[in-house]
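Single-structure report; data block below.
Values quoted throughout were computed directly from the atomic coordinates according to the rules given, and no laboratory measurement underlies them. A quick note: this is a predicted structure, and the numbers were derived from the prediction, not measured. Neighbour counts run over all protein chains shown; Cβ positions are idealised from the backbone, glycine included.
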Amino acid sequence: MNPSDKILVTGFPGQLASEIRACVSENGNWSFASMADLDITNERKVHEFVKQGDFKVVMNGAAYTAVDAAESDSDAAFRVNAQGPRFLAEACKETGARLVHVSTDFVFDGKASSPIKPYSQVSPCSVYGFSKLAGEDAIREVLGDDYLLVRTAWVYAAGGQNFVATMLRLMNDRDRLGVVADQIGTPTWARTLAEGIVEMIRRDVSGIHHLTDSGVASWYDFAVAIQDLAMERGLLSSRATIEPISSSEYPTPAVRPAYSVLDKTSSFEILGGPTPHWRESLAQCLDSWIANDSVQ
């Protein structure tokens, strides 16, 4: 990438787009668009916005991420997660810009027993997963192999709506919690993901790559770590009892993959080493949360 190239990031002020802006705050070549600025489901607006902005890279951080709501609102999920990426891909093809798109572990069925490789067989088990896969397919159909697709999983950040924020709230309100212990993956701080994507953009990386923090955990493991680290930092005044439960004991409209550990070998080679362990990233996120007074 040329240092003077202009880069557009959609999906601001979402978790990922916000962290990317923090990573590149001193670089005026980066532009961040909210839905009010650019509705990626508006074909005409997408083409005009990308062309008039003279962007050389378009990073799509916009997504419909309400996994359970998607089961009863599939039209909205497919508009944002499939149609939107197609319009962005077509605009990039028209202008010669490079498209960077973020996808999810939900394109897999969760039946694997070892880390899932970027080109492993996809098989979603939810409307959300199918909508994200449709977005991947649309990009591939328009751009061939000339794009960067980064799949990630279990993303959280300081503030906003995510698992960490929910757990902190519940631990403050309740004495006892049940957390699913039979879904396995890797918690991922949005900053880890942002830093990796920014570096991949700078290196003109193409293809499909997986990127999360390192390590493996269940949601139960994640919740226990949140409480331990929050107690150490004075974010909680007392401990709640956290009980491991099965997915069948906590039914949801959408089926979650039972196993979502992604193989990150290619990303680690590109980035020159592994990402931090998820527990280390969680500690840093909580420290950032305190520094920014984000805890509600």
**Request:** Within the range 44-128, list the trypsin sites (Lys or Arg not before Pro) lying in a DSSP loop whose Cβ has at most 15 other Cβ atoms in a 10 Å radius.
**Result:** Lys111
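Let's see if you can work this out: charge +1 on each Lys and Arg Cβ, -1 on each Asp and Glu Cβ, no other charges. What is the dipole magnitude of the range 27-143 about its Cα centre, in debye to the nearest 20? Don't skip to the end; give the middle numbers.
Details: 12 positive and 16 negative charges, 88 e Å.
Once rounded to the nearest 20, the dipole reads 420 debye.
Quick check: from the Cα gyration tensor, does the range 225-270 come out rounded (a/c under 1.5), prolate or oblate? Before the final figure, lay out each step's value.
Working: a/c = 3.63, a/b = 1.24, b/c = 2.94.
Cα axes put the range 225-270 in the oblate bin.
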**Message:** Within 11 Å, Cβ to Cβ, of Glu243, how many net charges do the neighbouring residues add up to if Lys/Arg are +1 and Asp/Glu are -1?
**Reply:** 0
**Asked** Under a 5 Å amide H to amide H cut-off, with H placed in plane at 1.01 Å, what residues pair with Gly178 once short-range neighbours are removed?
**Response** Glu243
**Prompt:** Using alpha carbons only, how many degrees (0 to 90, rounded to 10) separate the axis of helix 84-95 from the longest principal axis of the chain?
**Reply:** 30 degrees
**Request:** Would you mind pulling out the separation of the Cα centroids of the range 79-95 and the range 219-296, in Å?
**Result:** 32 Å
**Complete:** At R0 = 22 Å the Cβ-Cβ FRET efficiency linking Asp175 and Met231, nearest 0.05, sits at 0.90
**Request:** Report the calculated FRET efficiency for Ala76 and Gln121 (r = Cβ-Cβ distance, R0 = 22 Å), to the nearest 0.05.
**Result:** 0.20
**Asked** Val216 to Met35: extension gain in nm, 0.36 nm per residue of separation minus the Cα-Cα distance?
**Response** 61.8 nm
**Request:** Rounded, prolate or oblate: pick one for the range 119-167, where a ≥ b ≥ c are the square roots of the eigenvalues of its C-alpha gyration tensor, a/c under 1.5 means rounded, and failing that, prolate if a/b is larger than b/c, else oblate.
**Result:** prolate
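For the range 106-226, which semi-axes, largest first and in whole Å, follow from the square roots of 5 times the eigenvalues of its Cα gyration tensor? Intermediate values should be presented prior to the final figure.
Working: eigenvalues 172, 61, 34 Å².
So the three semi-axes of the range 106-226 are 29, 17, 13 Å.
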**Request:** Only Lys, Arg, Asp and Glu count, each charged at its Cβ (+1, +1, -1, -1), so figure out the dipole size of the chain about its Cα centre, rounded to 20 debye.
**Result:** 200 debye
**Request:** Evaluate the distance, in nm, between pseudo-label points positioned 7 Å from the Cα of Asp287 and of Glu43 along their respective Cα→Cβ axes.
**Result:** 5.0 nm
**Request:** Just the number, please: percent antiparallel of the DSSP beta bridges in the chain, rounded to the nearest 5.
**Result:** 5 percent
**Message:** Can you find, among His101, Ala70, Tyr147, the residue sitting farthest towards the positive end of the charge dipole of the chain, where Lys and Arg contribute +1 and Asp and Glu -1 at Cβ?
**Reply:** Tyr147
**Message:** Tell me the mean residue ellipticity at 222 nm calculated for the chain from its helices only (DSSP H runs of n ≥ 4, each -39500 (n - 2.57), averaged over every residue, nearest 500).
**Reply:** -11500 deg cm²/dmol
**Prompt:** Which GluC sites (Glu not before Pro) from the range 21-51 combine a DSSP loop assignment with at most 14 other Cβ atoms within 10 Å?
**Reply:** Glu26
**Fill in**
Along the dipole axis of the range 205-296 (charges at Cβ: +1 for Lys and Arg, -1 for Asp and Glu; origin at the Cα centre), the most positive-end residue among Ser266, Ser218, Pro253 is Pro253
**Prompt:** In a shell of Cβ-Cβ distance under 14 Å around Glu43, excluding Glu43 itself, what net charge do Lys and Arg (+1) and Asp and Glu (-1) give?
**Reply:** +2
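First check a/c for the range 137-201, with a ≥ b ≥ c the square roots of the eigenvalues of its C-alpha gyration tensor; if it is under 1.5, answer rounded, and if not, answer prolate when a/b is larger than b/c or oblate otherwise.
On the way: a/c = 3.41, a/b = 2.29, b/c = 1.49.
Prolate shape, in that a/c is at least 1.5 and a/b is the bigger ratio.
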